[in-house]
Structure formats: structure tokens, C-alpha cells
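Chemist: Take a look at this one; I'll ask things after.
The values are calculated or read from the model by the stated rules, or taken from the named source; none is laboratory data. Remember, it's a predicted structure, so these values are computed and weren't measured experimentally. Because the Cβ atoms are built from the backbone with ideal geometry, glycine has one as well, and the counts that use them run over all protein chains shown. Each accessible area value is taken on the protein alone, full model and side chains, heavy atoms only, with ligands, DNA and RNA left out. Shrake-Rupley method; radii C 1.70, N 1.55, O 1.52, S 1.80 Å.
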Amino acid sequence: MTAATPDASQPAVHYGTPEAPRIAVRGEARLEVDPEIARIGITVAARGRDRRSALDDLTRRNAGVLDLVKSYGDAVERLETGAFSITPELTKHGRGERVRTYHGSVRVTAELTDFTALGELTTRLADLDLTRVDGPWWALRPDSPAHREARKKAVHEAVQRAREYADALGTTLSALVELADIGAESTPPAYPQAPGRMRSAAYAGTPEETPAPLDLEPQRQRVHAQINARFTMVPPQL
């Protein structure tokens with residue numbers, strides 16, 4: 001079955017005619033597959049009486065975190081350092097504004113493909129001082145075969161549905177006129193709701209908290225594909 005090639009000398013017709021009736025159908029597919037990637041967010045904090053000491057401490061802690069993550073080799077597919085900040089904390093009493101201490105933080109994001117290593121890494125990160133681990137967020141790669149499989153199933157469903165309608169009219173399909181991928185314009189969020197969080201130590205100025213359990217059980221991913229298709233049919237003999 002091939003898409004109809006319009007005659008350049010004739011204007012395109014966007015509706016069916018008695019000589020070439022059209023049928024419009026929708027194909028849809030929903031799959032559940034295992035995740036391919038686990039993302040974790042790591043926030044490293046530091047504090048010092050002056051800006052330089054806070055910065056030095058933060059640099060040292062961040063380097064230690066990066067070295068730890070990198071030590072897992074191929075299990076880590078991507079590692080990024082994000083937002084960085086050094087913020088002064090002012091005294092609450094007394095005349096004038098005086099800096100009591102400086103707080104620093106840096107955000108690191110890691111993507112892992114080895115979920116066995118994920119459990120060990122998050123535990124080791126959570127044991128570090130003033131380090132918080134968020135996640136994991138489970139995901140598929142943008143080029144995952146699961147997306148291709150869902151699109152193929154959606155197309156097959158649309159063709160099958162169109163053939164059933166044509167058969168009910170006592171005729172057959174003639175040509176594919178249009179195929180539109182409805183889901184092509186929608187992009188899933190990079191960080192969906194995290195199933196758990198672990199905190200090894202509270203930030204400076206807050207009391208210690210008991211770490212919340214971190215759910216490391218891979219969550220099945222839902223893949224959805226939806227297409228609209230239009231076909232011309234051989235005129236039925238009604």
C-alpha cells in the first residue's frame with residue numbers, strides 16, 4: 001500500500017468523492033516495558049565562616065562525589081554538574097548586617113544503566129556528610145526500541161481497522177492518503193515524580209533527619225503511540 005501521489009496540475013482534494021471515497025481511522029498502542037535509565041539527583045552542601053573556606057569545602061566535597069560516581073565506570077551513562085551557589089547567612093540580632101556564615105551547594109545529576117550498581121552507589125553517597133540523594137527517576141532513552149514498537153503497533157491497528165470498515169462495505173482500500181503521528185508533539189517530563197528520597201545529612205542550620213527509605217525497585221514504563229490515518233477506498237457497490 002503506497003501513499004497517493006497528487007497530480008501537480010490538479011489542486012489537492014482534502015475530502016472524499018464518490019469516485020474515491022475516503023475513510024479516516026485512529027490507531028493506538030500502549031506498552032509497558034522495563035526502564036533503561038535511572039536518574040538520581042545529588043546535592044552537595046558546605047558551610048564556612050568566610051566565603052573562601054565555604055568554597056574550598058564545597059569544591060572538595062563535590063570532587064569527592066564526582067570521583068565516587070565516576071568509579072562505577074560504564075554503569076554511569078551520564079554525569080552532569082548543575083546549579084552552584086554560595087549564599088551568606090546574616091546575623092539575626094544586633095545593629096547592622098553582619099555575615100554569620102556562608103552556605104554553599106552544588107547539584108549533580110547522574111544517569112545509570114546498571115540498576116545493581118545504583119543501590120550501592122546511592123547508599124555510599126547517602127553516607128557522605130551534607131549530601132542529599134533524590135530519586136531515582138526511571139526512564140527510557142529517546143531512541144528506545146519500545147517507542148518504535150509502539151508506533152508500529154499503532155499503524156498496524158489503524159490499517160486493520162480501516163480494512164475492517166472497507167470489508168463491511170464490501171470493498172477494499174485503495175491508497176494511503178495521510179498518516180499523522182498525534183504523539184509526536186508531546187514530550188514526557190525529564191523528571192517525573194520521584195518514588196523516594198534519601199537524605200544522609202540535613203543542610204546547615206537544620207536538625208538531622210532520619211533518611212526516608214529509597215525505593216530502588218525499577219518501575220515499569222508506559223509507552224503510548226497514537227496515529228491518525230486516511231485512506232481512499234474502491235467505490236463500494238451499495
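Chemist: So how many residues does region 15-38 have that are small (Gly, Ala, Ser), more than 24 Å from Ile182 (Cβ to Cβ) and open to solvent by 20 Å² or more (accessible area, probe 1.4 Å)?
Modeler: As a first pass, look at region 15-38 and keep what is small (Gly, Ala, Ser): 16, 20, 24, 27, 29, 38.
Then drop every residue that is not more than 24 Å from Ile182 (Cβ to Cβ), which leaves 20, 38.
When the remaining residues are screened for being open to solvent by 20 Å² or more (accessible area, probe 1.4 Å), the result is 20.
Looking only at that region, the number is 1.
Chemist: Moving on. Kindly provide the set of residues from region 136-175 that are closer than 18 Å to Thr17 by Cβ, open to solvent by 40 Å² or more (accessible area, probe 1.4 Å) and of a type in the set (A, V, I, L, M), ordered by number.
Modeler: Applying the first criterion (closer than 18 Å to Thr17 by Cβ) to region 136-175 yields 162, 165-166, 169, 171-175.
So of that shortlist, the ones also open to solvent by 40 Å² or more (accessible area, probe 1.4 Å) come out as 165, 169, 172, 174.
Passing the criteria: only Leu169.
Chemist: Residues of region 107-116 being open to solvent by 10 Å² or more (accessible area, probe 1.4 Å) and of a type in the set (A, V, I, L, M, F, W, C), which ones?
Modeler: Quick first cut of region 107-116, residues open to solvent by 10 Å² or more (accessible area, probe 1.4 Å) only: 107, 109, 111, 113-116.
Of everything in region 107-116, just one residue is open to solvent by 10 Å² or more (accessible area, probe 1.4 Å) and of a type in the set (A, V, I, L, M, F, W, C), namely Phe115.
Chemist: Which ones in region 72-93 are without any contact (Cβ under 8 Å) to a residue 12 or more places away in the chain and open to solvent by less than 70 Å² (accessible area, probe 1.4 Å)? Walk me through it before giving the result.
Modeler: Step one: of region 72-93, the residues without any contact (Cβ under 8 Å) to a residue 12 or more places away in the chain are 73, 90-93.
Gly73, Thr91, listed by residue number.
Chemist: Could you list all residues from region 131-168 that are among the β-branched types (Val, Ile, Thr) and closer than 17 Å to Asp181 by Cα? Spell out the reasoning first.
Modeler: Residues of region 131-168 that are among the β-branched types (Val, Ile, Thr), as a first pass: 131, 133, 155, 159.
Hits for region 131-168 are Val155, Val159.
Chemist: Take the conditions open to solvent by less than 50 Å² (accessible area, probe 1.4 Å), without any contact (Cβ under 8 Å) to a residue 60 or more places away in the chain and among the hydrophobic types (A, V, I, L, M, F, W, C) and apply them to Val133. Does it pass?
Modeler: On the way: open to solvent by less than 50 Å² (accessible area, probe 1.4 Å): yes; without any contact (Cβ under 8 Å) to a residue 60 or more places away in the chain: no; among the hydrophobic types (A, V, I, L, M, F, W, C): yes.
Considered against the rule, which asks whether it is open to solvent by less than 50 Å² (accessible area, probe 1.4 Å), without any contact (Cβ under 8 Å) to a residue 60 or more places away in the chain and among the hydrophobic types (A, V, I, L, M, F, W, C), Val133 comes out as no.
Chemist: Now, a different point. Could you list, in sequence order, the residues of region 65-124 that are in contact with a Pro (Cβ under 9 Å, 6 or more places away or on another chain), in a strand (DSSP E or B) and hydrophobic (A, V, I, L, M, F, W, C)?
Modeler: Within region 65-124, Val99, Leu112 qualify.
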